[in-house]
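**Student:** I have a structure here, written as structure tokens, and I will follow up with some questions on it.
The values are calculated or read from the model by the stated rules, or taken from the named source; none is laboratory data. Being a predicted model, the structure only gives us computed values, none of them experimental. A quick note on method: Cβ atoms are made from the backbone with ideal geometry, for glycine too, and the neighbour counts reach across all protein chains shown. When the accessible area is computed, the model is the full protein with side chains, heavy atoms only, and any ligands, DNA or RNA have been set aside. Shrake-Rupley method; radii C 1.70, N 1.55, O 1.52, S 1.80 Å.
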Amino acid sequence: KDYEISKEKFVIIHNGIDFEIYKNDNPKYEGKIDKVVIISRLSDEKLNSIFGGIEIFNKILEKYPNAKLEIIGGGIEKNKVEDYLKNIGLNYKENEDLDSDAKVIFLGEQNDIIKYLKEADLLLGIDRSVLEAIAMKVPVVITGYEGIKGLVTKENIDSAIEENFSGDNMNTISIDDCMNQIFELEGKRKEIVEENYKVATEKLDCYKNYI
């Protein structure tokens with residue numbers, strides 16, 4: 001629109017993924033939430049989405065007190081994330097020591113994201129990590145750059161795709177509404193992840209849409 005280029009002169013190719021690499025042969029279809037994951041650069045532009053994810057996780061603990069949050073990624077604003085955790089009273093640690101009572105684990109930069117997504121019950125995030133989780137049949141909440149957007153479902157996934165899962169074109173919802181969506185997952189997890197996966201394989205398979 002800015003350059004007044006006619007629609008027949010361009011095509012928008014959405015962020016795609018290789019479903020042969022990102023796949024989960026044993027997805028979790030039911031049960032409580034034990035492991036929550038945030039995958040993000042710890043940079044200034046991502047902080048709101050990270051803080052939103054931490055706020056959601058803190059609410060998850062009210063129903064699932066044994067849940068853990070893994071934060072995967074590095075960046076210069078890590079100290080601000082640590083300060084946020086301290087302010088809301090969440091203990092954190094720096095590694096995967098299973099004997100620790102810390103609720104939040106900083107795992108730093110990782111190359112094998114698939115390993116962590118296979119074990120995840122829920123991803124809280126934006127952008128590329130949302131697509132990776134959908135491909136791995138993990139439920140996803142888009143935490144948004146400017147407010148929480150909620151659980152990705154067949155009702156909103158098309159809108160989410162249009163902005164590469166940033167949530168920029170989605171309605172912001174209250175944290176209470178978001179928690180209701182998350183807590184309903186126990187009975188709907190299989191339906192939701194399979195519906196999301198079906199849409200993603202139709203529209204975001206990199207071998208179909210840009211190679």
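**Student:** As a check on your grasp of the helix formula, calculate [θ] at 222 nm for the chain: sum -39500 (n - 2.57) over DSSP H runs of n ≥ 4, divide by the residue count, round to the nearest 500.
**Tutor:** Working: 8 runs with 79 residues, N = 211.
Mean residue ellipticity at 222 nm (helix-derived): -11000 deg cm²/dmol.
**Student:** I'd like the carbon and sulfur percentage of the solvent accessible area for the chain, probe radius 1.4 Å, heavy atoms only, ligands and nucleic acids excluded.
**Tutor:** Numbers: 5040 of 11200 Å².
Summing carbon and sulfur atoms, their accessible area is 45 percent of the total for the chain.
**Student:** Using the crude model of +1 on Lys and Arg Cβ and -1 on Asp and Glu Cβ, and no other charge, please compute the dipole size for the stretch 3-108 relative to its Cα centre, in debye to 20.
**Tutor:** Details: 16 positive and 20 negative charges, 53 e Å.
For the stretch 3-108, the charge dipole is close to 260 debye.
**Student:** Still on this structure, I have one more. What percentage of all Cα-Cα pairs in the stretch 1-90 are separated by more than 23 Å? Let's see the in-between values first.
**Tutor:** Values: 1953 of 4005 pairs.
Tail fraction, whole percent: 49.
**Student:** Given 25 °C and 0.890 mPa s, compute D for the stretch 132-211 with the Stokes-Einstein relation, Rh being the Kirkwood radius over Cα pairs; round to the nearest whole µm²/s. Present the calculation step by step, with values, prior to reporting the outcome.
**Tutor:** On the way: Rh = 13.0 Å.
This corresponds to a translational diffusion coefficient of 189 µm²/s.
**Student:** Rounded, prolate or oblate: pick one for the stretch 39-83, where a ≥ b ≥ c are the square roots of the eigenvalues of its C-alpha gyration tensor, a/c under 1.5 means rounded, and failing that, prolate if a/b is larger than b/c, else oblate.
**Tutor:** Working: a/c = 2.57, a/b = 2.12, b/c = 1.21.
Taking the square roots of the gyration eigenvalues as a ≥ b ≥ c, the stretch 39-83 is prolate.
**Student:** Additional query: With Cβ to Cβ distances under 14 Å as the rule, what net charge do the other residues near residue 48 carry (K, R +1; D, E -1)?
**Tutor:** Working: positive: 41, 46, 80, 149; negative: 44, 45, 55, 77, 127, 146, 168.
Taking every Cβ under 14 Å from that of residue 48, the sum is -3.
**Student:** Another one. Could you compute Rg(Cα) / (2.2 N^0.38 Å) for the stretch 1-43, with N its residue count?
**Tutor:** Details: Rg = 19.2 Å, N = 43, 2.2 N^0.38 = 9.2 Å.
So the stretch 1-43 has a normalised radius of gyration of 2.09.
**Student:** In units of 2.2 N^0.38 Å, what is the alpha-carbon radius of gyration of the stretch 121-173?
**Tutor:** Details: Rg = 9.5 Å, N = 53, 2.2 N^0.38 = 9.9 Å.
The reported ratio for this selection is 0.95.
**Student:** Still on this structure: What value in Å³ per residue do you get for the convex hull of the alpha-carbon atoms in the stretch 16-69? Before the final figure, lay out each step's value.
**Tutor:** Values: hull volume 6.2 nm³, N = 54.
Hull volume normalised by residue count: 114 Å³.
**Student:** Roughly what would the spin-label model give for residue 90 and residue 29, points 7 Å off Cα along C-beta, in nm?
**Tutor:** 3.0 nm
**Student:** OK, next. Nearest 5 is fine: what % of DSSP beta bridges in the chain come out antiparallel, could you say?
**Tutor:** Details: 2 of 19 bridges.
Here the antiparallel bridges make up roughly 10 percent for the chain.
**Student:** If you don't mind, there's one more thing I want to ask. Please report the orientation-averaged projected area of the chain, defined via the convex hull of its C-alpha atoms, in nm².
**Tutor:** Numbers: hull surface 50.8 nm².
If you wrap the Cα atoms of the chain in a convex hull and average its projections, you get 12.7 nm².
**Student:** In addition: Could the peptides 158-166, 187-195, 51-59 be put in order, highest first, of the mean number of other beta-carbon atoms found within 10 Å of their residues? Provide the component values of the computation, followed by the final result.
**Tutor:** Working: 158-166: 17.9, 187-195: 16.3, 51-59: 20.9.
Packing proxy ranking, top to bottom: 51-59, 158-166, 187-195.
**Student:** Can you compute the equivalent ellipsoid semi-axes for the stretch 91-157, i.e. the square root of 5 times each eigenvalue of the Cα gyration tensor, sorted largest first and rounded to whole Å?
**Tutor:** 24, 14, 11
**Student:** So, by mean Cβ neighbours within 10 angstrom, what's the order for 70-81, 117-128 with the highest one leading?
**Tutor:** Details: 70-81: 17.2, 117-128: 22.6.
In decreasing order of mean packing, 70-81, 117-128 become 117-128, 70-81.
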